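Q: This is the structure I want to talk about, given as structure tokens.
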Amino acid sequence: MEQQYTADVLVRRGVLAPEKVSDYLTAADERGLSLVDVLLAIRAVEAEPLVRALAEEVDMPFVAQIDADQIPEHLIDRVPINFARQHHVLPIRDDAGSVTIALANPLDLFPLDDVRALLGVPVQAVAAPADAIDDAINRVYERKDETALAEAKEGEEEEELRDLIDMTDEAPVIRWVNNLFYTAVQDRASDIHIEPAEDKVVVRYRIDGRLFHRKEANRGFLSSIVARVKIEAGLNIAEKRLPQDGRITKKIRGKVVDVRVSTIPTARGERVVMRLLDKQNILLDLADLGFARAELETFEYLVARPNGIILVTGPTGSGKTTTLYGALNKINTPDKNILTVEDPVEYELGGIGQMQIQPKIGLTFASGLRSFLRQDPDVIMVGEIRDHETADIAIHASLTGHLVLSTLHTNDAPGAITRLVDMGIQPFQISSSVMAVLAQRLVRQLCSRCKEPYRATREDLIELGVDTDHINETISALKQVAATTVLGQSKNASGELEDAPTLVRPPEFESSNLGGDPTLPVFFRARGCDECSHTGYRGRLGIFEMMVIDEPVRREILKNSDSKTIQRVACRQGMRLLREDGARQVIAGVTSVDEVLAATQAGESEAG
């Protein structure tokens, strides 16, 4: 009844389309969530207009932002952080004889009774978006714990490990470590670095591939912080001389996050790096990766083939594994037996057999791949081809009716051919088994809220490898390709993926009031806002170099030509080099010139 009332309010106030209401209510019932949570989770509506409409319905004041610095600490001392986060409530102001409470759902007033009991004073309610409340909770409790951890105890040395579990004043350390995970998920960080310095402990987050300084603690708390992480990861807290690896599974803001923990001893103490893997947020569809439509269709056609090899190349951290997972997800049907051998298994994929290599007991890529051939597979994914034995087994598997997906560490697509030859694979074996090589890099995506248009210069175009002798024709061709850039998929009320839309160039491309040469295109650059934590970027997408092994390229492989010769032939067949594809993403308004230049080498545009 309450769900229907909420829906009626949102429809009456023009926030929700009436024809979609039944779908949203069904999705809420199936998931056991409130209608508000479902609408925000699938981004059917923005948080601010939704909460504002509900607040107006019950005549409750509304605030869009909360200043955490103005919240008195004595108010939060009596409100547990877990309660505040679970119910999205927070005391924000101490008025004469009463306390003002911010809450995210104006129609659910039961948490107010609990807060009133905790504080022992009358309370008044104001409505605020859940994200604003969560951010204020995060900041105000973090401020309190950091104050505690920044105050050095006189004569303090590293605590004895046996005292760690028994000490009653370690609650700030526990909350401080928990807050690391919470803020990391909130900031979309992929890694947390805890690093001992001379007089402090420094924490850095890796966000969109870049490290950012986030917080500090007093040096005396290093052993307590590291020991807390070790306890959660199931590691030996008494062992400080050897590296250790462990795993933590946490539920943060409704997301199940798998944390891989690595500790190493350094001259200044133990250093901890934690990799965060959000199991519910992995990009498992090729349409989410940033392909142009033609390359996406070609790649989807190739991964649907019954046999052959597809190689993905690039340095560590270039998104190769994500692309392979996307390919497997595309062809993962009940009638296919799909097996993978990885190092390590990043994400568990339903319906797919995944094995992690263990070199210490002789389980390598080669031995795993050999055993797979006795498991009646249709598709095999090999985490990486590192040696002749693995490459040879993969070649023979593809020639005997299996589709093989794998990665190589080479700078570009043609380099994969010469790398296989260096491993001892014969050119005729490569030409008859390899269907395509996809080289890729990741570039940060410009924040859609604050990116700034400007008129490109000839220097920008030269750096991107654009043919300035035929600049109009080249730009026109790149604009046509840029207009087909696939920017991902939308979800319906049931959480199911709908058809992937393609990019429609924004009106800024036709802007004539930016100055400069009007014959040159409009590019975008980073500026920074609250939405992107003032970095100017939010998320990452790929740039690609897809070399299909067609007849002209196959002839060069059989002649054992060098990679530059193969590259020139592939370019004549329509292959775009990495930097040229980066120019496509710049013209699409997705990324900046600086990002493309940082992700690619200058030589990658010469052949074009």
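The values are calculated or read from the model by the stated rules, or taken from the named source; none is laboratory data. Fair warning: this is a prediction, and the values are worked out from it, not measured in the lab. Positions of Cβ are backbone-derived with ideal geometry, glycine not excepted, and every protein chain shown enters the neighbour counts. Accessible surface is based on the protein model in full, side chains and every heavy atom, while ligands, DNA and RNA are left aside. Shrake-Rupley method; radii C 1.70, N 1.55, O 1.52, S 1.80 Å.
Q: Specify the residue that is surrounded by the fewest Cβ atoms within 10 Å (Cβ to Cβ); the eligible residues are those in region 1-52 that are of a type in the set (Ser, Thr, Tyr) and touching a helix residue (DSSP H, G or I) at 6+ places or on another chain (Cβ under 8 Å).
A: 34
Q: Also, I was wondering about something else. Restricting to region 242-290, and then to whatever is modelled with pLDDT of 90 or more and among the polar types (S, T, N, Q), can you tell me which residue is least open to solvent (accessible area, probe 1.4 Å)?
A: Result: 263.
Q: Out of all the residues in region 177-187, which are farther than 12 Å from residue 252 by Cα and either open to solvent by 20 Å² or more (accessible area, probe 1.4 Å) or of a type in the set (D, E, K, R) (or both)?
A: The one that is farther than 12 Å from residue 252 by Cα and either open to solvent by 20 Å² or more (accessible area, probe 1.4 Å) or of a type in the set (D, E, K, R) (or both): 187.
Q: To continue, here is another question. Among what's in region 471-496 and is within 21 Å of the chain's Cα centre (by Cα), closer than 16 Å to residue 541 by Cβ and not in a strand (DSSP E or B), pick the residue that is modelled with the highest pLDDT. First the steps, then the outcome.
A: So the first thing to find is which residues in region 471-496 are within 21 Å of the chain's Cα centre (by Cα), and the list is 485-491, 495-496.
Filter once more, keeping what is closer than 16 Å to residue 541 by Cβ: 485-489.
Checking which are not in a strand (DSSP E or B) leaves us with 487-489.
On the way: 487: 70, 488: 56, 489: 48.
Among those residues, the one meeting the criterion is 487.
Q: If you go through region 584-608, how many residues are modelled with pLDDT of 90 or more, of a type in the set (A, V, I, L, M) and surrounded by fewer than 20 Cβ atoms within 10 Å (Cβ to Cβ)?
A: 2
Q: Hey, another quick one. Among what's in region 142-153 and is open to solvent by 10 Å² or more (accessible area, probe 1.4 Å) and under 30 Å from the mean Cα position of the chain (by Cα), pick the residue that is modelled with the lowest pLDDT.
A: Result: 146.
Q: Kindly list the number of the only condition in (1) open to solvent by 70 Å² or more (accessible area, probe 1.4 Å); (2) without any contact (Cβ under 8 Å) to a residue 24 or more places away in the chain; (3) farther than 17 Å from residue 202 by Cα that fails for residue 239.
A: Looking at each condition in turn, residue 239 falls short on (1).
Q: Identify all residues within region 63-84 that are open to solvent by less than 50 Å² (accessible area, probe 1.4 Å) and in contact (Cβ under 8 Å) with a residue 60 or more places away in the chain; write none if there are none.
A: Passing the criteria: 63, 64, 66, 68, 71, 76, 81.
Q: Taking residue 555 as meeting all but one of (1) more than 27 Å from residue 324 (Cα to Cα); (2) in a strand (DSSP E or B), write down the number of the exception.
A: Among (1) more than 27 Å from residue 324 (Cα to Cα); (2) in a strand (DSSP E or B), residue 555 violates only (2).
Q: While we're on this one: Which one is least open to solvent (accessible area, probe 1.4 Å), of the residues in region 568-579 that are farther than 13 Å from residue 549 by Cβ and either acidic (Asp, Glu) or part of a helix (DSSP H, G or I) (or both)?
A: 578
Q: Now, a different point. Within the group 344, 334, 306, 359, which residue is within 30 Å of residue 210 (Cβ to Cβ) and open to solvent by 30 Å² or more (accessible area, probe 1.4 Å)?
A: 344
Q: Any residue that is at pLDDT 85 or above and open to solvent by less than 10 Å² (accessible area, probe 1.4 Å) - is there at least one of those in region 202-210?
A: Yes, there is a match, as at least one residue in region 202-210 is at pLDDT 85 or above and open to solvent by less than 10 Å² (accessible area, probe 1.4 Å).
Q: While we're looking at this one, here's another question. State the number of residues belonging to region 380-411 that are open to solvent by less than 30 Å² (accessible area, probe 1.4 Å), closer than 18 Å to residue 548 by Cα and part of a loop (DSSP other than H, G, I, E, B).
A: Going through region 380-411 one residue at a time, the tally reaches 1.
Q: Now for a different question. Just need a number here: residues in region 109-141 that are open to solvent by less than 50 Å² (accessible area, probe 1.4 Å) and closer than 30 Å to residue 45 by Cα.
A: The qualifying residues number 19.
Q: Can I ask one more? Considering 207, 225, 252, 194, which residue is over 26 Å from residue 534 (Cα atoms) and not charged (D, E, K, R)?
A: 225
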